[in-house]
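No value in this document is a laboratory result; all are computed from the given coordinates. Keep in mind the model is a prediction, meaning the values are calculated, not measured. Don't worry about glycine lacking a Cβ; one is built from the backbone with ideal geometry, like all the others, and counts go over all protein chains shown.
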Amino acid sequence: MTVPREAPVSELLIRLRQGDSDALSVLVPLVYSELRRIARAYLQRQPPGHTLQSGGLVNELYLKLIDIEMDWQNRAHFFGVAAKVMRGILVDHARGRHAGKRGGGAIRVSLNENLVKQEERDVDLIVLDDCLKKLALLDPRQAEIVELRFFGGLSIEETAEAIGVSPATVKREWAMARTWIFRHMHEGSG
Amino acid sequence: MTPERWQEIKEIVFAAWDVEPEDRNSYLSAACADRPGLRLQVESFIASHQRLGSFIESSPILPPIHLASDVTAVLDGQRVGRYLVIEELGRGAMGIVYKAEDTVLSRKVALKFMTPHGLTAARAPERFQQEARAAATLNHPNICTIFEVGEDHGQHFIAMELVNGKVLNACIPEDGFPVSTALRYAIEISSALAHAHGHGVVHRDIKPSNLMLTGEDRVKMLDFGLAKHERGIGQDEGASLTQNGTLLGTFQYMAPEALRGEKIDARGDIWSFGVLLFELLTGRTPWDAKSGFALSAAILTEPLPPCPANVPASLRAVIDRCLRKDPKQRFADGGELEQALRAAEVAVDRRWGLPRVASGARLALLLGVALAVGIAIPGIRTYGRWRYGSSLPANRTLAVLPFENRIGGDDGRALSEGLQDSLSATLSEIERFHGSLRVIPANEVRSAGVSTYAAAKQAFNVNLVLSGSVVREGGDIHITTELANAADGARLGSKTLSISKTDPIPLHQAVAKQAADLLALSLGPEDNVVLAAGGTRLEGAYEKYLQGRGYLDYYDRGNNLDGAIDRFRGAISDDREYALGYAGLSEAYWRKYELNRDTSMLERAEEAGQRAIEIDPKIALAHASLGQIYSSTGQYDAALREFRAALEINRVCVAALRGMADVFAQTGKLAKAEQTFQEATKLRPGDWVTLTLLGRFYSFHGRYKEAVKVFAQIAKLVPASPVAMANLGAAYAAVNQMTEAEQSYKTSIAIEATARGYVGLADICFAQGRRAEAALLYQKALDLMGTSISYTTLGKLAQTFRWTPGQAARAPDLYRQAADVASKAVATNPHDAFALSWRAMFRIQTGETAQAFQDARLAMRIAPDNVRVLVNSGIVFESGGDHKKALDAIRSALERGYPTESLKAEPDLTSLQNNPAFQRMIASPENSRETP
């Protein structure tokens, strides 16, 4: 089935959910260009410190692209797509800063500032991205779950909806994936 | 590691997680039998998992808060404006509601955010603001109160009263509530609707999921989310925002005209209410069908199915009238509906034999009791019920609870509140003749939000509560007074006084005696002097008087003050010799003067007060009111005389005490003033009028930190008062907490757009150099003032223009106007140091240097400790070239705690900035000392 380029995002999402992979090929570039534009503008407004709070980006995009009432399952798919894009943007941003610093410390992303203790809240995005690539070779589904949860900000239920498994499965795969990445990043083992 | 090996490890780890830790070893032994390498890897994984902590648990992406599943984990602890999000409470089509803590007032609130549906459905921010603005105009016990409409990082939110309780649709029993319960809920809802419709607000989405039952078993209406303001500005816009071709609301509760997509008014709410009442009584809605299409067809065409037989005829008639397909045949609005329900209640009470009274307690003594009470006056029908074997405690501590309003409407509510107020005032006046009696004042009971015996017991540790109800039946009013044990709510006795138009009796006295009798107080002659003071025999006059009192209790909201004046005038036109009516009128006029400084109000206030005392010199409140008037006009000796007279009649007359304290403050007797304020607040800890005066006293004398504390306390007592919030803003501004100040002013404006709120915001803008914004806000404030212009605001606007490039030419004329208005204030009270010091500020700008100096000198002589007066005078001397005098005045202000920050920000003192003496003064630490 071919998808006209001007099809509204919401319709694309419905098709995507119905298994129409062509929808994805239209959706991703569309989401990507918009999100990237919003994110750039957003990141430029950030103070030059070494942390980043990218709050609100995806929400802003969502509100921009989707103009009708939509059930949350479709929204979850949308955020799933956005998560892939966000990962690229954030990692690129981190690399850019890293290069700018010429060998300075790794770029860290501030997680939710109010919740996480200082020592736990900074994660090296570039290393995380590398880990995730390795994890994808071992267990593609886990890598996707990390992408949705971490780079998309999706909840357990939304992640479950986006990849079509049960929340219980997402929960334990997520725990396992976090352990794997943790060991890789901090304990030097796989 | 190969993917295959990984799958193997995963499966064993998952299974190991599922077994209890103590069984884990034996499980692993079995699962990894003969494969020690695998077991090592598995155990190592489990160990790593335990060290994980919250590693990458939360995402750098702000949670999409509008997604429909568990987002709370991430939002918890987030700060939104002044609120700290605690947890999610629920979500609807338009928004998500969180429980949060207001960090300024340290209270729990509910915060509502928009969902993307809410945001995208029809230009949401406007819609959201509109919803909140409409609902914020409402103030009713059965409507969830809106505190603030705010925005943080583009997220719009509403902060509102946190209602503890259950959503009604989860509470309706399968076969409906018992008739009396359903009726009670229905009356509460109709009362809320009457109030909302009276304010031009239509709910548009009444259904059980928008109603809550509180822990006290009262109904709260939530979510005027689809409400549309019928009157006022933006009417057309409002229509398009909600119409939009969409069918809002829930089918089952939607009126036929709503299903057809036509315009909906109050009668649409009446329909939805009818469906709801049917459901409350029967447990099901009248029309039901499998699809939305079939359901709407049924609602549009099928007649109302008959109600079950257990529904009383009077209620069936109400339902029938609500559910007419033609809106014109329904009740016109909530007010009519409420009246009909209250009439139905009387009928139901009759039929079910007064179900509100505990069984076994029904002993009608009829007229015999009336005689025993000593009200041997023709025309009263009074009967009572006593509980056998009950006895009263020796020391009676009593809270008078709000009387149940069974008449309905705002007037009915004012009547109930006035009754509570007047009864507790009278009982507290006779306290001194009965050592064993202590009465908690009505305003304290109200400000603590106490409406049940349990809450009264908890808040005041009373052992008795007095409550009752007011019902109208034909031309008669029935006032029932009930005494109950505060520990368990057991009714100890009740009495009903039936007042008819045709039989004149001394009503105030009769109602008070009824209560005194329940309390087993034996009344002596001195009691009767108090009880009889200033009353009326005319039912109409008495009712209006009580309503006036009720409105006056909340004088700072809406048009309540005009309502009070209107009722008191009505009362005295019914009864020309009604001293209490005149006393109330005097107080109301005085409040009006306080509010807008219209001096003609002062004359009327004085006249009414004098008349009250002429008729009956034994009315403490009349003396207190006169004292306040004299105090406002600078006749301080006369004021003190009246206050003392009031205290002689009633030594716990708080109005007189705080008036005296204010006179002491005005005349520079600071220690005496503070002492008297403390005494008044000790007598009446929850009296926010006294507290406001105390707070103002502190801030005028440089004790800003204490002022902030007091104003924060007031804002907690009366969170829905725009005046209280604006005062809190001013207090914060004085201690340079500009963010909090701005927030408080904005809250004040959100509750009600008043000049005070805008002036406060403008002050902040001016201090921060945002002159253009400041000018706009001052102008907005002046617009709101109408004819009663404030000279300070005029002067501030003039000053703003003077410091705005290109606008300076507009200043002189405004200064002259300001000086004129200030002159009127000085003419009213020649000892008004505040007005004098401001007039000096204006005169110095229009070249009248000599007169300005004279004003400043006089002001400083009258109020040598008032920091505002000192700073104003300093500015005047500096601008007029007398640097030495200027420095002296500024030093005095600094010594009294005036903040150096504010001095530095004062553009009229820039010429001083280079003066070494001034620099030393500002740098010197003892001059910026903090008050204890």
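Straight-line cross-link reach from B:Lys220 at under 12 Å between alpha-carbon atoms covers these aspartates and glutamates, not counting any fewer than eight positions away in the same chain: B:Glu161, B:Glu188. Simple spin-label estimate for B:Ala905 and B:Ala47 gives 6.0 nm between the two label positions (7 Å along the Cα-to-Cβ direction from each Cα). Take each residue in B:6-13, count the other chain C-beta atoms within 10 Å of its C-beta, and the mean is 3.
Applying 1/(1 + (r/R0)^6) with r as the Cβ-Cβ distance of B:Ala490 and B:Ser600 and R0 = 56 angstrom yields a FRET efficiency of 0.60. Can you check how the C-alpha radius of gyration of the range B:709-775 compares to 2.2 N^0.38 Å, as a plain ratio? Here the Cα radius of gyration is 1.02 times the empirical estimate. Annotation: the residues A:Glu158, A:Glu147, B:Glu577, sorted from fewest to most other C-beta atoms within 10 Å of their own C-beta, follow the order B:Glu577, A:Glu147, A:Glu158.
Note on B:Ala313 and B:Asp217: the model spin-label points, each 7 Å out from Cα along the C-beta direction, lie 2.9 nm apart. Among residues other than B:Lys207 with Cβ under 12 Å from its Cβ, the summed charge is -3 (Lys and Arg +1, Asp and Glu -1). Straight Cα distances below 18 angstrom link B:Lys325 to the lysines B:Lys263, with same-chain residues fewer than 8 positions distant left out. Taking each residue as 0.36 nm, the span from B:Asp288 to B:Ala170 lengthens on full extension beyond its C-alpha to C-alpha distance by 40.6 nm.
The packing ranking, built from the mean of other Cβ atoms within 10 Å per residue, places the peptides B:158-164, B:699-705, B:2-8 in the order B:699-705, B:158-164, B:2-8, highest first.
Between the C-alpha center of the range B:873-919 and that of the range B:521-598 there is a gap of 48 Å. Mean partner shielding of peptide B:36-44, defined as the number of other chain Cβ atoms within 10 Å of each residue Cβ, is 1. Per-residue shielding of A:174-186, expressed as the average number of other chain Cβ atoms within 10 Å of the residue Cβ, stands at 5.
Subtracting the Cα-Cα distance from 0.36 nm times the residue separation, let me have the gained length for B:Arg5 to B:Ala459 in nm, one decimal.
Value of the extension gain: 156.8 nm.
Between the range A:134-159 and the range B:6-58, the C-alpha centres lie 21 angstrom from each other. Neighbour counts of C-beta atoms inside 10 Å place B:Tyr745, B:Tyr630 in the sequence B:Tyr630, B:Tyr745, starting with the fewest. Put in order of Cβ neighbour count within 10 Å, fewest first, the listed residues A:Trp180, B:Trp803 become B:Trp803, A:Trp180.
Magnitude of the charge dipole for the range B:546-682, about its Cα centre and with charges confined to Cβ atoms of Lys, Arg (+1) and Asp, Glu (-1), is about 340 debye. For B:Val400, the residues whose modelled amide H falls within less than 5 Å of its own, excluding neighbours fewer than 5 places apart on the same chain, are B:Ile440, B:Leu466.
By the rule of a C-alpha distance below 23 Å, with chain neighbours fewer than 8 residues away ignored, the lysines paired with B:Lys746 are B:Lys99, B:Lys108, B:Lys112, B:Lys228, B:Lys705, B:Lys709, B:Lys716, B:Lys780, B:Lys796.
Could you give the size of the charge dipole of the range B:463-605 about its Cα centre, using +1 on the Cβ of each K and R and -1 on the Cβ of each D and E, expressed in debye and rounded to the nearest 20?
On the way: 16 positive and 21 negative charges, 36 e Å.
The calculated dipole for the range B:463-605 is roughly 180 debye.
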